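The values are calculated or read from the model by the stated rules, or taken from the named source; none is laboratory data. All of these numbers come straight from a predicted model, not from anything done at the bench. Note that we place each Cβ from the backbone using ideal geometry, even for glycine, and neighbour counts take in every protein chain shown. When the accessible area is computed, the model is the full protein with side chains, heavy atoms only, and any ligands, DNA or RNA have been set aside. Shrake-Rupley method; radii C 1.70, N 1.55, O 1.52, S 1.80 Å.
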Amino acid sequence: MFVESLFIVVIGIIAAIILFAILFTFIPVGLWISAMAAGVNVGIFNLVGMRLRRVQPIRIVTPLIKAHKAGLKHTSAQLEAHYLAGGNVDKVINALIAAERAGIPLPFERAAAIDLAGRDVLDAVRMSVNPKVIETPIVSAVASNGIELRVVARVTVRANIDRLVGGAGEETVLARVGEGVVSSIGSSASHKDVLENPDVVSKTVLAKGLDSGTAFEILSIDIADVDVGRNIGAQLQTDQAEADKRIAQAKAEERRAMAVAQEQEMRARVEEMRAKVVLAEAEVPLAMAAALRDGNLGVMDYYNLKNIVADTQMRDTIARSSSDDGNTKPQK
């Protein structure tokens with residue numbers, strides 16, 4: 001009987017231990033005690049409800065204690081709603097504490113919206129307090145005299161809390177600064193003016209309001225480095241001269257081809273005339289034979305014509321030989 005009673009007691013103790021273990025696992029009693037000790041009013045049933053809503057109570061209670069100690073008045077419902085929306089509750093609370101210490105007006109709703117927009121709200125608050133310096137890549141610009149300048153600018157920016165949601169990022173600021181540098185140098189009469197007074201470029205670019213529509217406020221633009229590059233104007237003139245030369249060569253080749261074609265055409269015409277002359281000469285004996293046959297030409301007339309032809313050929317031969325002798329120089 002005693003053994004059975006002892007066995008029942010042991011079973012009861014074990015069941016109680018198991019029950020309390022399950023109870024303390026599901027109900028974060030330790031976290032509730034910590035909240036109560038910190039002065040944060042979070043009910044035990046509220047913690048159980050977080051478990052049921054699949055919210056980790058420690059992700060809500062710990063930032064809530066931190067905010068309460070910093071003097072911020074936020075409810076667990078606000079933090080839980082932001083957690084369920086996929087936000088980082090701890091980072092939002094840290095940003096709110098940093099903004100409150102720096103005197104920056106930042107309501108919880110705006111901080112939550114910035115966090116849900118994918119931006120680092122804590123980093124934005126830190127950048128509002130401590131401005132950030134971003135450096136542009138090498139910007140190539142050409143002055144009016146054709147000399148290329150390679151410029152590197154440092155842009156000091158401060159985060160604009162009011163424009164973090166929907167505002168453009170650093171890439172837009174760098175692109176606008178690069179565009180302003182190119183425009184400012186391009187309007188300079190000579191590259192020497194930029195080398196002598198690089199602050200003119202920074203002042204001109206800063207006056208254009210390049211931070212409009214961005215999440216930053218540009219505080220200053222400083223020209224960090226200026227290097228002289230190529231003589232773009234001379235290179236363009238050289239390329240233009242080379243192109244003009246090629247065009248002239250093409251036109252000359254076209255004219256030469258036309259001259260060759262005209263010469264060949266003239267030769268063809270000469271050959272055609274020669275062929276006609278040969279054909280006409282071939283018809284002369286036939287015409288003379290027909291004239292002799294018809295009695296229109298006598299025998300003596302024919303011999304006289306032959307004598308005239310022979311005399312003409314002899315005179316041509318003598319004239320050619322005299323011309324050749326006159327042009328030939330005697331050899332020593």
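I need a count of the residues in segment 154-166 that are open to solvent by less than 30 Å² (accessible area, probe 1.4 Å) and touching a Ser or Thr at 6+ places or on another chain (Cβ under 8 Å). Quick ask: steps written out before the conclusion?
Filtering segment 154-166 down to residues open to solvent by less than 30 Å² (accessible area, probe 1.4 Å) leaves 155-157, 159, 161, 164.
When the remaining residues are screened for being touching a Ser or Thr at 6+ places or on another chain (Cβ under 8 Å), the result is 155-156, 159, 161.
Residues in segment 154-166 being open to solvent by less than 30 Å² (accessible area, probe 1.4 Å) and touching a Ser or Thr at 6+ places or on another chain (Cβ under 8 Å): 4 in total.
So if I check each of L47, L96, which one is part of a helix (DSSP H, G or I) and at pLDDT below 85? I'd like the intermediate steps shown before the answer.
On the way: L96 fails: at pLDDT below 85.
Only one candidate passes the filter, namely L47.
Being part of a helix (DSSP H, G or I) and touching a residue at least 12 places away in the same chain (Cβ under 8 Å) is the filter here; which residues of segment 102-122 pass it? Step through it out loud before you land on a result.
The initial filter retains those residues of segment 102-122 that are part of a helix (DSSP H, G or I), namely 102, 108-116, 121-122.
Residues satisfying the conditions are A102, F108, R110, A111, A112, A113, I114, D115, L116, V121, L122.
Consider segment 199-212. How many of its residues are under 16 Å from E179 (Cα atoms) and open to solvent by 40 Å² or more (accessible area, probe 1.4 Å)? Reasoning before the result, please.
Filtering segment 199-212 for residues under 16 Å from E179 (Cα atoms) gives 200-212.
With the extra rule that they be open to solvent by 40 Å² or more (accessible area, probe 1.4 Å), the set shrinks to 200, 203-204, 206-208, 212.
Residues meeting the conditions: 7.
Specify the residue that is surrounded by the fewest Cβ atoms within 10 Å (Cβ to Cβ); the eligible residues are those in segment 132-148 that are among the hydroxyl-bearing types (S, T, Y) and in a loop (DSSP other than H, G, I, E, B).
S144
For segment 109-127, does any single residue satisfy the condition of being buried (at least 19 other Cβ atoms within 10 Å of the Cβ), touching a Phe, Trp or Tyr at 6+ places or on another chain (Cβ under 7 Å) and not polar (S, T, N, Q)?
Taking every residue of segment 109-127 in turn, none turns out to be buried (at least 19 other Cβ atoms within 10 Å of the Cβ), touching a Phe, Trp or Tyr at 6+ places or on another chain (Cβ under 7 Å) and not polar (S, T, N, Q).
Among the candidates V151, V129, V92, which residue alone is more than 25 Å from D222 (Cβ to Cβ), within 39 Å of the chain's Cα centre (by Cα) and touching a residue at least 12 places away in the same chain (Cβ under 8 Å)?
Working: V151 fails: more than 25 Å from D222 (Cβ to Cβ); V129 fails: more than 25 Å from D222 (Cβ to Cβ).
The match here is V92.
Answer with yes or no whether V151 is crowded, with 16+ Cβ neighbours inside 10 Å, in a helix (DSSP H, G or I) and at pLDDT 85 or above. Explain how you work it out, then say what you get.
Working: crowded, with 16+ Cβ neighbours inside 10 Å: yes; in a helix (DSSP H, G or I): no; at pLDDT 85 or above: yes.
Considered against the rule, which asks whether it is crowded, with 16+ Cβ neighbours inside 10 Å, in a helix (DSSP H, G or I) and at pLDDT 85 or above, V151 comes out as no.
Quick check on segment 297-309. Is at least one of its residues touching a helix residue (DSSP H, G or I) at 6+ places or on another chain (Cβ under 7 Å) and either closer than 30 Å to G178 by Cα or touching a residue at least 40 places away in the same chain (Cβ under 8 Å) (or both)?
Filtering segment 297-309 down to residues touching a helix residue (DSSP H, G or I) at 6+ places or on another chain (Cβ under 7 Å) leaves 297, 302.
This time we only want the ones that are either closer than 30 Å to G178 by Cα or touching a residue at least 40 places away in the same chain (Cβ under 8 Å) (or both), so: none.
No: zero hits.
Given (1) out of contact with any Gly (no Cβ under 8 Å at 6 or more places or on another chain); (2) open to solvent by less than 80 Å² (accessible area, probe 1.4 Å); (3) of a type in the set (S, T, N, Q); (4) within 30 Å of A143 (Cβ to Cβ), identify the lone condition not met by N304.
The one condition N304 does not meet is (4).
Quick one: count up the residues across segment 47-60 that are more than 22 Å from P107 (Cβ to Cβ) and open to solvent by less than 50 Å² (accessible area, probe 1.4 Å). Working first, answer last.
Quick first cut of segment 47-60, residues more than 22 Å from P107 (Cβ to Cβ) only: 47-58.
With the extra rule that they be open to solvent by less than 50 Å² (accessible area, probe 1.4 Å), the set shrinks to 47-50, 55, 57.
Summing the residues that are more than 22 Å from P107 (Cβ to Cβ) and open to solvent by less than 50 Å² (accessible area, probe 1.4 Å) in segment 47-60 gives 6.
Go through segment 154-193 and give me each residue that's in contact with a strand residue (DSSP E or B) (Cβ under 6 Å, 6 or more places away or on another chain), under 13 Å from V226 (Cα atoms) and part of a helix (DSSP H, G or I).
Answer for segment 154-193, where residues must be in contact with a strand residue (DSSP E or B) (Cβ under 6 Å, 6 or more places away or on another chain), under 13 Å from V226 (Cα atoms) and part of a helix (DSSP H, G or I): V181, V182, I185, H191.
Filter segment 213-254 for residues that are outside any strand (DSSP E or B) and in contact with a helix residue (DSSP H, G or I) (Cβ under 9 Å, 6 or more places away or on another chain); which is most open to solvent (accessible area, probe 1.4 Å)?
Looking only at segment 213-254, we keep the residues that are outside any strand (DSSP E or B), and these are 213, 215, 232-254.
Subset that is in contact with a helix residue (DSSP H, G or I) (Cβ under 9 Å, 6 or more places away or on another chain): 213, 215.
Numbers: G213: 47, A215: 0 Å².
Per the stated criteria, the residue is G213.
For the structure I just gave you, tell me whether L84 is open to solvent by 20 Å² or more (accessible area, probe 1.4 Å), at pLDDT 85 or above and of a type in the set (A, V, I, L, M).
Working: open to solvent by 20 Å² or more (accessible area, probe 1.4 Å): yes; at pLDDT 85 or above: yes; of a type in the set (A, V, I, L, M): yes.
When the stated conditions are applied, L84 passes them.
Please work out if A189 is surrounded by 14 or more Cβ atoms within 10 Å (Cβ to Cβ) and either free of Cβ contacts under 8 Å to residues at least 12 places away in the same chain or not polar (S, T, N, Q) (or both). Spell out how you get there, then give the answer.
Values: surrounded by 14 or more Cβ atoms within 10 Å (Cβ to Cβ): no; either free of Cβ contacts under 8 Å to residues at least 12 places away in the same chain or not polar (S, T, N, Q) (or both): yes.
In short, no.
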